[in-house]
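> Structure below; questions to follow.
The values are calculated or read from the model by the stated rules, or taken from the named source; none is laboratory data. Note that this is a predicted model, so its numbers are computed, not measured. Methodologically, a virtual Cβ is constructed for each residue, glycine included, from the backbone with ideal geometry; neighbour enumeration extends over all protein chains shown.
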Amino acid sequence: MKNKTTVSTIRLSVLFVLMAALALCLASCETEEQNSNAVTFTLTVVGPDGTSTEHTVTSDADNLGDALLNEGIIEGTEDQYGLYITAVNGITADFNTDGAYWALYIGEEYAMTGVSSTPIAEGDSFKLVYEVYA
C-alpha cells in the first residue's frame, strides 16, 4: 500500500512540474508575440551647439512621433497638422522667440512629413536637428 501511495505522489509531482513548465512556456510565447511588431531604429539628435546624441529605439508604435514620445525623447503640442516638436532631450526650440525649430531628417534627407505621419521600419535612421530659420 505504501508503494502505491509513493508512486501516486511521484506522478502528481511530475504532473505538477509539467503543468508549471507549460504555463511558463505559454507566458513566454505571449510576450514574444506582443513584441513581434516592434522595430528598432536609430535617431541622431543635433543640438544648438552642434553636438550630437545617438539613440537606438525599439518600439511597436505606428509612427515616429509616438515612438519618440513613448521613450520620453521629445515633447510637443498637437495641432491640425499633427505633433509639433517643442523640445528634444530637454532642449527647447521656440520659433516665436528666435526662429528656432526641430528639423526632421529621414536618413540624410529633409523630411517632407511630420513626425506624426512618418512611419517607422526596422533599421530606419532619423535625425532631429536644432535649426534657426533666418
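> Can you tell me how many residues in region 98-121 are in a loop (DSSP other than H, G, I, E, B) and among the acidic types (Asp, Glu)? Spell out how you get there, then give the answer.
First, the residues of region 98-121 that are in a loop (DSSP other than H, G, I, E, B): 99, 107-108, 111-114, 118, 120-121.
When the remaining residues are screened for being among the acidic types (Asp, Glu), the result is 108.
So the count comes out to 1.
> What pairs come up if the first residue lies in region 103-114 and is of a type in the set (A, V, I, L, M, F, W, C), the second is exposed (fewer than 13 other Cβ atoms within 10 Å of the Cβ) and part of a loop (DSSP other than H, G, I, E, B), and their beta carbons are under 9 Å apart, counting only those six or more places apart or on different chains?
Matching pairs, first to second residue: Ile106/Met112.
> Further question: With the requirement that a residue be buried (at least 16 other Cβ atoms within 10 Å of the Cβ) and hydrophobic (A, V, I, L, M, F, W, C), what does region 107-134 give you?
Passing the criteria: Ala111, Val115, Ile120, Phe126, Leu128, Val129.
> Here's another thing I want to ask about it. Scan region 41-86 for residues that are part of a helix (DSSP H, G or I), under 15 Å from Gly114 (Cβ atoms) and either free of Cβ contacts under 8 Å to residues at least 40 places away in the same chain or touching a helix residue (DSSP H, G or I) at 6+ places or on another chain (Cβ under 6 Å) (or both) and jot them down.
Taking region 41-86 and keeping what is part of a helix (DSSP H, G or I), we get 64-71.
Of the ones still in play, those that are also under 15 Å from Gly114 (Cβ atoms) are 64-69.
Result: Leu64, Gly65, Leu69.
> Considering (1) over 28 Å from Phe95 (Cα atoms); (2) loosely packed, with under 11 Cβ neighbours inside 10 Å; (3) at pLDDT 95 or above, say which one Gly50 fails and leave the rest.
Among (1) over 28 Å from Phe95 (Cα atoms); (2) loosely packed, with under 11 Cβ neighbours inside 10 Å; (3) at pLDDT 95 or above, the lone unmet condition for Gly50 is (1).
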